Amino acid sequence: MDIRRQFKEGLLTQNPVLVQVLGMCSTMAITTSFFNGLGMGVAVIIILTLSNVIISAIRKIIPDKIRIAMFIVVIAGFVTCVDLLIQAFLPDLANSLGVFIPLIVVNCIILGRAEAFCYKNGVAASFFDGIFQGIGYTLVLLVMCIIREFLGAGTFGGGLLNGGDGIQILPSQFPAGMLTMPVGGFLVLACLIATMQWALSKSKNKEESK
Amino acid sequence: MDQIFELLSITLGAILANNFIFSQFLGICPFLGVSKKVDTAVGMGIAVTFVMGLASAVCYVVNSLVLIPFELEYMQTVTFILVIASLVQFIEMFLQKSMPSLYTALGIYLPLITTNCAVLGVVLLNVQNNYNFIESVVYGITGGLGFLLAIVLFASIRERLVFADYPKAFEGFPIALVTAGLMALAFMGFSGLKVW
């Protein structure tokens, strides 16, 4: 078990959103304010870690044919717990994320990690995998939130700082409101993935020339 | 009469103004994954429409006859995903037996639909919006048609992208996302649409 390599993979070289291109729906849909991104990211870290641990613990007794159904039941159980907790303690977050909290069930990151990693690896490795992949996902969400919020509304930390309005950085006549709309989600994510591909190909070239 | 207007506004909303892909971000994974060719995109779109319609109907029945009378609403997510998964499995077996030609055409797309968030999304939205049975089914089918429209348009643009000249870093997903973004911009134009 190599924690440092797992850390690097989760955050950069195997980042769930930017490299594996999983879990796109929530990434684009909820990244309109900093608070949403943070809430969603933390929810996914918790669910991903717990379901990773459980799935890798029971991997030897799951029949091969119905494993996907079993994975989904485990994941759906945790999602329901988190959903109820958010509704009870953070009703604002529950309102602004709406249908996307229950939809974590079908977030491909969680099912993808269960199938690709936990089904083959031990409990401890799966635990760290869950945490690091979750952090990788959260980081991308936060970067997208910051870019979209800054360019689209001219604010920082919406929903969290300054009584929920966020701190106004750009004067309100300059921002391009388009970026907080669905269009912005597609375009910002496209630029992020392109940057990632550029950086990865550059570091690859460097290694080859050594 | 009101009922007809209501259904008409649901239809227009689901296909154009609140398109599942371009304004609600539901079902992006298959939208990006299965849109390299128009033929496969059409197959996927039809399969999704079918499953969305059926899932809306079955989940409405399950929700109103089982979950609500027994006060088990907190089990909705788990129940719905299980209903969808078994429905997809059932459709797969049914098609394999009775319509092998359609089965081979849809082939690998059927199992993928289980994890399509558009299907679970439409079921959850039906509950959230308090739609009755007919409204739920109409919303499911028209939402699927909206998905079909989006994925077919997108696939036909993507086929032509092969000849386009773009920066190398944008190869693959990024350029597809830019295309989808521009299409979302076009679909934003429908957002002012009102039935009456």
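The values are calculated or read from the model by the stated rules, or taken from the named source; none is laboratory data. Since we're looking at a predicted model, the values are computed, not measured. Ideal geometry is used to build each Cβ from the backbone, glycine not excepted, and the neighbour counts take in all protein chains shown. When the accessible area is computed, the model is the full protein with side chains, heavy atoms only, and any ligands, DNA or RNA have been set aside. Shrake-Rupley method; radii C 1.70, N 1.55, O 1.52, S 1.80 Å.
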Before I look further, what does the protein assembly as shown give for accessible area per residue, probe 1.4 Å, in whole square angstrom?
47
The set of residues whose placed amide H lies less than 5 Å from the amide H of B:Phe20, leaving out same-chain residues fewer than 5 positions away, is B:Phe147
Per the 1.4 Å probe, what fraction of the accessible area of chain B, in percent, lies on carbon and sulfur atoms?
69
Rounded if a/c is under 1.5, else prolate if a/b beats b/c, else oblate: with a ≥ b ≥ c from the C-alpha gyration tensor eigenvalues square-rooted, which is the protein assembly as shown?
rounded
Surface/4 of the Cα convex hull for chain B, nm²:
12.8
Cut-off 17 Å, label 7 Å out along Cα→Cβ of B:Phe163, residues of region B:173-194 by amide N
none
Decide, for region B:2-55, between rounded, prolate and oblate: order the square roots of the alpha carbon gyration tensor eigenvalues as a ≥ b ≥ c, take rounded if a/c falls under 1.5, and otherwise choose prolate if a/b is larger than b/c, else oblate.
prolate
Karplus ³J(HN,Hα) for region A:178-194 (6.51 cos²θ - 1.76 cosθ + 1.60, θ = phi - 60°; Hz, whole; x = Gly/Pro) runs 3, 6, 7, 7, x, 3, x, x, 4, 5, 5, 5, 4, 5, 5, 5, 4
Which value, in debye to the nearest 20, gives the size of the charge dipole of the protein assembly as shown about its Cα centre, when Lys and Arg are +1 and Asp and Glu are -1 at the Cβ?
1220
Along the Cα→Cβ direction, 7 angstrom out, place labels at A:Gln168 and A:Ala199. What is the inter-label distance in nm?
3.3
For a bin width of 10 Å, list the pair-distance distribution of region A:1-136 built from all Cα-Cα distances, rounded to whole %.
13, 44, 33, 9, 0
Quick one: what are the phi-derived ³J(HN,Hα) couplings along region A:91-108, Karplus 6.51/-1.76/1.60 with θ = phi - 60°, whole Hz, x for glycine and proline?
x, 4, 4, 4, 5, 7, 7, x, 5, 7, 6, x, 6, 4, 3, 9, 5, 5
Which residues of region B:25-45 show a drop of at least 20 Å² in accessible area when all protein chains are present, compared with their chain alone (probe radius 1.4 Å, heavy atoms only, ligands and nucleic acids excluded)?
B:Phe25, B:Leu26, B:Ile28, B:Cys29
Given labels modelled 7 Å from the Cα in the Cβ direction, how far is it in nm from B:Asn129 to A:Phe7?
4.7
Whole-percent carbon and sulfur contribution to the accessible surface of region A:105-210 (1.4 Å, no ligands, DNA or RNA) stands at 67
Taking the dipole about the Cα centre of region A:3-208, with the C-beta of Lys and Arg at +1 and of Asp and Glu at -1, give me whichever of A:Thr13, A:Ala43, A:Pro102 is farthest to the positive side.
A:Thr13
Rounded to the nearest 500, what is the 222 nm mean residue ellipticity of chain B from helices alone, with -39500 (n - 2.57) per DSSP H run of 4+ residues and division by all residues?
-22500 deg cm²/dmol
Quick one: among B:Lys36, B:Lys168, B:Lys97, which has the greatest mean-square fluctuation in a GNM of chain B with alpha-carbon springs under 10 angstrom?
B:Lys168
Kindly express, to the nearest 10 degrees and within the range 0 to 90, the angle between helix A:34-57's C-alpha long axis and the longest C-alpha principal axis of chain A.
0
Mind listing the phi-derived Karplus ³J(HN,Hα) values for region B:89-99, rounded to whole Hz, using 6.51, -1.76 and 1.60 with θ = phi - 60°, and x for any glycine or proline?
4, 5, 4, 4, 5, 4, 5, 4, 6, 9, 10
Between B and A, accessible area buried - total, square angstrom, nearest 100, 1.4 angstrom probe
3000
